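What follows is calculated from the coordinates using simple rules that are stated; it is not laboratory data. Since this is a predicted model, take the numbers as computed values, not measurements. Reconstructed Cβ throughout: ideal geometry from the backbone, glycine too, with neighbour counts over all protein chains shown.
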Amino acid sequence: MSIVIVNYGLGNLAAIKNMLCKLGRESIITSDVDMISKANKIIIPGVGAFGKGMENIKNMGLLDVLNQKALKEKIPVLGICLGMQLLTSHSEEGNVNGLNWIPMQSKKFVFDTVPKPTVPHMGWADIEYKSSHWLFKGYAEQPRFYFAHSYYINYDPAFAIASVVYGFRFSCAIEYENILGVQFHPEKSHKFGLTLLHNFATRS
Amino acid sequence: MRRVRIIPVLLLKGNGLFKTIGFKTPNYIGDPINAVKIFNEKGVDEIVVLDIDASIEMRGPNFKLIEDIASECFMPMGYGGGITTMEQARKIFNLGVEKVIINSAFEKNSGLISQIAQEYGSQGVVVSIDYKKSLLGLAHVYTLGGTQKSKNNPVNQAKLAVNAGAGELFITSMDKDGTRKGYDLPMLKKITLEVNVPVIACGGGNDMEDFYRVITESGVSAVAAGSMFVYKGDIDSILINYPSQEEINKLYARL
């Protein structure tokens with residue numbers, strides 16, 4: 001069975017499928033409960049508003065199957081950008097509860113420094129990462145990734161496997177058991193994203 | 001190290017890639033998909049693709065071409081041209097494009113910006129502002145590919161766009177377009193002082209020194225250029241090019 005990219009009506013689904021295709025990995029974009037229930041890996045994509053994302057997941061009847069796959073079967077899950085923030089318990093974006101798979105929160109960027117960094121945080125950044133972690137294996141040079149977000153997840157070493165500084169340090173990759181999330185867009189980060197998605201796709 | 005995005009801007013007319021001077025005299029460059037493949041291999045930070053005929057011809061985006069371009073992009077891509085409805089914006093996001101760029105439709109229907117921002121987040125919606133200076137030196141916004149004069153000035157337009165929900169502004173000086181004589185630093189500075197979203201500078205970029213000046217003197221978050229990345233030397237020699245990572249790192253080291 002191949003990788004399922006969950007289509008909950010938001011997110012740049014095609015871009016992720018494109019990059020997996022370039023890696024020679026088959027993937028399916030679907031919102032079909034049966035298809036998702038057969039997945040052995042799940043990607044929850046990004047690009048969208050938190051409230052709309054959770055509303056769609058519930059209205060499309062995907063909540064039960066996602067909980068089953070992530071929490072009971074414990075298959076590898078990768079959330080990307082908004083998909084990472086949905087893994088948390090709550091977001092300040094619309095004051096909405098998330099999937100609550102990782103006990104963290106999504107907060108709005110507020111800066112009190114002068115000059116204030118612009119929001120959204122948009123652009124490329126060098127990340128600090130746990131080099132021993134399987135998601136980051138194979139980087140010969142300092143990896144950089146593309147970010148585009150207005151909300152962030154605190155830096156907490158208990159769950160963070162990578163972090164980045166924009167105004168202050170925050171989590172840009174988190175992990176709890178089988179569940180992972182990245183704030184940046186690997187599917188839009190050239191060779192650095194290819195390596196990361198290869199690592200996820202080949203994880204047994 | 002602070003990384004400031006360096007963005008090639010590709011102009012579409014029909015199925016071809018063109019470059020203008022002062023929004024006029026479009027010069028045929030080549031096949032857009034081929035150009036994007038080359039930019040992808042060069043590892044560019046991001047690309048912006050603008051269909052410069054769509055709004056003037058009162059037609060929607062060319063979805064097939066956008067899809068073909070997006071499938072070659074392993075970097076972020078913004079698309080603008082002819083987007084007037086939420087349905088069109090959704091379709092473009094679904095093709096693998098991260099950002100939709102709205103220009104002419106913003107004046108008629110600023111609610112479109114809010115609607116896209118609510119559904120896709122403000123990082124997904126860019127408002128582009130084209131402006132030209134009158135003989136008296138007053139800057140006016142123009143829409144419909146620079147053919148329709150608006151009553152607004154670019155600074156006010158920028159503020160309105162951010163209030164409507166734009167997550168980024170793409171500012172083009174029509175006077176500077178294609179001239180390779182450097183960016184309009186005073187105007188860009190006025191805009192960055194008034195808004196707290198990323199501003200992309202466009203129009204007039206010729207070399208890394210221009211990038212350095214516009215970043216340090218006007219406070220923009222990203223630099224965009226057309227001619228610089230499609231011509232080598234004069235206008236007759238077309239060559240898709242992009243600075244090497246070493247050159248870019250030298251620029252970053254000075255910021």
- Taking the Cα centre of region A:104-204 as origin, work out the dipole magnitude from +1 charges on Lys and Arg Cβ and -1 charges on Asp and Glu Cβ, in debye rounded to 20. 160 debye
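Given only helices, namely DSSP H runs of n ≥ 4 each adding -39500 (n - 2.57), what is the per-residue ellipticity at 222 nm of chain A, to the nearest 500 deg cm²/dmol? Don't skip to the end; give the middle numbers.
Details: 6 runs with 47 residues, N = 204.
Calculated mean residue ellipticity at 222 nm is -6000 deg cm²/dmol.
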- Message: Given axes a ≥ b ≥ c from the Cα gyration tensor, I'd like to know whether region B:5-254 is rounded (a/c under 1.5), prolate (a/b larger than b/c) or oblate.
- Response: rounded
- Within region B:5-254, what percent of beta bridges assigned by DSSP are antiparallel, to the nearest 5? 30 percent
- Alpha carbon Rg of region A:3-202, scaled by the compact-globule rule 2.2 N^0.38 Å: 0.95
- Query: Can you give the convex hull volume per residue for the Cα atoms of the protein assembly as shown, as a whole number of Å³?
  - Reply: 133 Å³
- Obtain the nm distance between the two label points defined at A:N95 and B:D31 by a simple spin-label model: each point lies 7 Å from its Cα along the Cα-to-C-beta direction. 5.5 nm
- Give, rounded to the nearest 20 debye, the magnitude of the charge dipole that chain B has about its Cα centre when Lys and Arg contribute +1 at Cβ and Asp and Glu contribute -1 at Cβ. 600 debye
- Message: Placing unit charges on C-beta atoms (Lys and Arg positive, Asp and Glu negative, everything else neutral), compute the dipole magnitude of the protein assembly as shown about its Cα centre in debye, rounded to 20.
- Response: 260 debye
- So for the pair B:L135, A:E128, with labels modelled 7 Å out along Cα→Cβ, what separation do we get in nm? 6.0 nm
- Task: Return the lysines within reach of A:K116: Cα separation strictly under 28 angstrom, same-chain partners fewer than 8 residues apart disregarded; answer none if there are no such residues.
- Result: A:K107, A:K108, A:K188, B:K99, B:K159, B:K189, B:K190, B:K250
- Item | Relative intensity, log₁₀ I(q)/I(0), of region A:76-154 from a Debye sum that treats every alpha carbon as a point, q = 0.15, 0.19, 0.26 Å⁻¹ | -0.67, -0.99, -1.25
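Taking loop as defined by DSSP and a crowding limit of 13 other beta carbons within 10 Å, which trypsin sites (Lys or Arg not before Pro) in region A:41-120 fit?
On the way: sites: A:K41, A:K52, A:K58, A:K69, A:K72, A:K74, A:K107, A:K108; in loops: A:K74.
Listed in order of number, the matching sites are A:K74.
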- Query: With Rg and the Kirkwood Rh both taken from Cα atoms, where does Rg over Rh land for region A:108-189?
  - Reply: 0.96
- Once normalised by the length of region A:3-202, the mean sequence separation of its alpha carbon contacts under 8 Å that are 6 or more apart gives a contact order in percent of 20 percent
- Item | Selection from B:L135, A:C172, B:G60, by position along the positive dipole direction of the protein assembly as shown (Cβ) | B:L135
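Before anything else, pin down the relative contact order of chain B: Cα pairs under 8 Å, at least 6 apart, normalised by residue count, whole percent. Show your work: numbers first, answer last.
Numbers: 532 pairs, mean separation 44.2, N = 255.
Reported as a whole number, the value is 17 percent.
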- Once both labels are modelled 7 Å past Cα along the beta-carbon direction, what's the A:M60-A:L23 spacing in nm? 2.1 nm
